[in-house]
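The values are calculated or read from the model by the stated rules, or taken from the named source; none is laboratory data. This one's a predicted model, so the numbers in the text were calculated from it and none came from an experiment. Neighbour counts run over all protein chains shown; Cβ positions are idealised from the backbone, glycine included. To get the accessible areas, we keep the full protein, side chains included, count just its heavy atoms, and leave off ligands, DNA and RNA. Shrake-Rupley method; radii C 1.70, N 1.55, O 1.52, S 1.80 Å.
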Amino acid sequence: MHSPSWTEDELVLAGALVVKNGWRELRTKDLRVQELSELLQSLPIHSAEARALPGFRSPDSVSRKTTDFATNRPGYAGGATRCGKPTLLMIDAFTAREAEMLQAAQAIEDGIASGELYLIPPQPDEEDESGVTAVEGRLLARWALARERNPKLRAKKIQQARSAHGALRCEVCDFDFARAYGDLGDGYIEVHHITPLHVVGAAKTSLDGLACLCANCHRMCHRNRPGESWRTPAALRELMQTAGQVGSG
């Protein structure tokens, strides 16, 4: 059994370490490398068998990954190491939105430190059919999906939406389940976490941080593509307007 490929979560944490070090690589004996090695070995992502492999996310492997980040950054004057596309996409993400990606790394660290991320079971939609996850990582996706599926929070959001608007309509495309399916669809809508967890972190989810969406729009908000984040409802609505599928009102 070979050591598994680096996941987005692991790359977020390694990338953050490099960025905090001024986009410079870190050596094996650096205490920060050793601490990250221990953290990566504890993440609830890989199987117990993988984590038990000799050299799994060892300080040597972590140091090598920091070299990949440092030498493949645009503008680096020396020769670049060979690395996979996921690492290159993560470098692009940190280059384009450094502060946001550092927040993602901190949210992962906070979730691990609190123990919460160890308690949340894998969620069906944390990765798509091809195994791709959001660029901020699977664990934050797992955390957000678990919050969305909290029945008490969902019920409160639906009650708020009905009180404010009467009918329950998708906030992206205006689809109304009751209008389409009659009594069968009455009261049905899906709830989506608007604000990424790498922004709100472990903070308690507010009702204003949730949106009511139809199943199609919810799926499209969560659909993963390599190197991309989940879409907000506003971003999805803009995509639909560009495609001519919804009005601008």
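Observations, loosely collected:
- Taken over the stretch 4-60, the criterion of being of a type outside the set (A, V, I, L, M, F, W, C), farther than 22 Å from Glu116 by Cα, at pLDDT below 95 and open to solvent by 60 Å² or more (accessible area, probe 1.4 Å) is satisfied by Ser5, Glu49, Pro54.
- Gly78 being out of contact with any Phe, Trp or Tyr (no Cβ under 6 Å at 6 or more places or on another chain), surrounded by fewer than 16 Cβ atoms within 10 Å (Cβ to Cβ), at pLDDT 90 or above and not aliphatic (A, V, I, L, M): yes
- Look at (1) within 13 Å of the chain's Cα centre (by Cα); (2) surrounded by 18 or more Cβ atoms within 10 Å (Cβ to Cβ); (3) modelled with pLDDT of 90 or more and you find that Glu100 fails only one, number (2).
- Verdict on Gln241 being modelled with pLDDT of 90 or more, loosely packed, with under 13 Cβ neighbours inside 10 Å, part of a helix (DSSP H, G or I) and at negative phi: yes
- Members of the stretch 152-171 found to be assigned to a helix (DSSP H, G or I) and over 16 Å from His218 (Cβ atoms), listed by number: Lys152, Ala155, Lys156, Gln159, Gln160, Arg162, Ser163, Ala164, His165
- Residue count for the stretch 62-75, restricted to those that are open to solvent by less than 30 Å² (accessible area, probe 1.4 Å) and not hydrophobic (A, V, I, L, M, F, W, C): 6
- Filtering Thr95, Thr133 for residues that are farther than 19 Å from Ala211 by Cβ and touching a Pro at 6+ places or on another chain (Cβ under 9 Å) leaves a single hit, Thr95.
- Evaluation of His198 against the conditions (1) at pLDDT below 90; (2) assigned to a loop (DSSP other than H, G, I, E, B); (3) open to solvent by less than 20 Å² (accessible area, probe 1.4 Å) shows that the sole unmet condition is (2).
- The set of residues in the stretch 204-222 that are open to solvent by 50 Å² or more (accessible area, probe 1.4 Å), modelled with pLDDT under 90 and either under 18 Å from the mean Cα position of the chain (by Cα) or of a type in the set (Phe, Trp, Tyr) (or both) contains only Lys204.
- Every residue from the stretch 208-236 that is among the charged types (D, E, K, R) and farther than 30 Å from Ile91 by Cβ: Asp208
- The requirement of being open to solvent by less than 70 Å² (accessible area, probe 1.4 Å) and over 23 Å from Leu43 (Cα atoms) is fulfilled somewhere in the stretch 131-151, by at least one residue.
- Test result for Asp174, farther than 20 Å from Thr205 by Cα, open to solvent by less than 40 Å² (accessible area, probe 1.4 Å), assigned to a loop (DSSP other than H, G, I, E, B) and out of contact with any helix residue (DSSP H, G or I) (no Cβ under 6 Å at 6 or more places or on another chain): no
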